[in-house]
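The values are calculated or read from the model by the stated rules, or taken from the named source; none is laboratory data. Since the structure is predicted, the reported quantities are computational estimates derived from the model, not experimental observations. FYI the Cβ positions are ideal-geometry reconstructions off the backbone, even for glycines, and counts take in every protein chain you see. For the accessible areas, the whole protein counts, side chains as well, though only heavy atoms, and no ligand, DNA or RNA atoms are used. Shrake-Rupley method; radii C 1.70, N 1.55, O 1.52, S 1.80 Å.
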Amino acid sequence: MPQDRSRIVAILLAVGLLGPAATAAAGDAMVFAAWPSPADAWARGYGASLSSTWFQVVSFEAEAARIPGETPDGNMTSFTGSVLLAPPIAFLTPYGGLGIGLFRQTLGTESDTGTLKAFILGAKVKLGLVVIKGEYRRITLSGTPLLSMTARISAGAGISF
């Protein structure tokens, strides 16, 4: 009899693991406006992000942003991948996490390419297919960048899928 029980347990475990698949991972595509700090070095920028939510509370995000400098010959382009803890609470999803990526700055004829690290806090509000977000990023640029950037606040909208 104990051998039969272990077979039954093994069959139930296999059925549980191979049973109905979980619902498809959700995500969103967003565009945003960004206000970097220090404000005397940077103008308002813009960007886009694509995120995917897994296991209901973990989100992975890819982002591209372009921030012009206050002077016409300066700018920064960045690409960041982030892992975020994002537990949904009804229509609100607060999130926080870490990002790492690459940046390229130009200032006149000079340019600098390096890595960036970001500590991220924000929230998304989902209203049907529409998503609105607000976010704060503390940013650390590698090396000695041409223009310093320590933080960024952004606001955006997009669609949920």
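Quick rundown of the values:
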item: Complete set of residues in the stretch 151-161 that are over 15 Å from SER49 (Cβ atoms) and open to solvent by 70 Å² or more (accessible area, probe 1.4 Å); result: none
item: Residue within the stretch 126-148 that is polar (S, T, N, Q), crowded, with 17+ Cβ neighbours inside 10 Å and modelled with pLDDT of 95 or more present; result: no
item: Contacts under 8 angstrom Cβ, first residue in the stretch 29-46 being at negative phi, partner assigned to a loop (DSSP other than H, G, I, E, B) and β-branched (Val, Ile, Thr), 6 or more apart; result: SER37/THR150; PRO38/THR150
item: Qualifying residue in the stretch 95-109 (condition: at pLDDT below 95, out of contact with any Cys (no Cβ under 7 Å at 6 or more places or on another chain) and crowded, with 19+ Cβ neighbours inside 10 Å); result: no
item: Residue match in the stretch 78-97 (condition: under 13 Å from the mean Cα position of the chain (by Cα), among the small types (Gly, Ala, Ser) and within 16 Å of PRO36 (Cα to Cα)); result: yes
item: Residue match in the stretch 76-91 (condition: open to solvent by 50 Å² or more (accessible area, probe 1.4 Å), closer than 18 Å to TRP42 by Cα, without any contact (Cβ under 8 Å) to a residue 12 or more places away in the chain and not small (Gly, Ala, Ser)); result: no
item: Leading residue by the ranking (nearest to SER111 (Cα to Cα)) among those in the stretch 63-85 that are among the charged types (D, E, K, R) and at pLDDT below 95; result: ASP73
item: The stretch 33-61 - residue that is open to solvent by less than 60 Å² (accessible area, probe 1.4 Å) and more than 16 Å from ALA155 (Cα to Cα) and, of those, modelled with the lowest pLDDT; result: THR53
item: Flag if ILE120 is within 17 Å of TYR95 (Cα to Cα), in contact (Cβ under 8 Å) with a residue 12 or more places away in the chain and open to solvent by less than 50 Å² (accessible area, probe 1.4 Å); result: yes
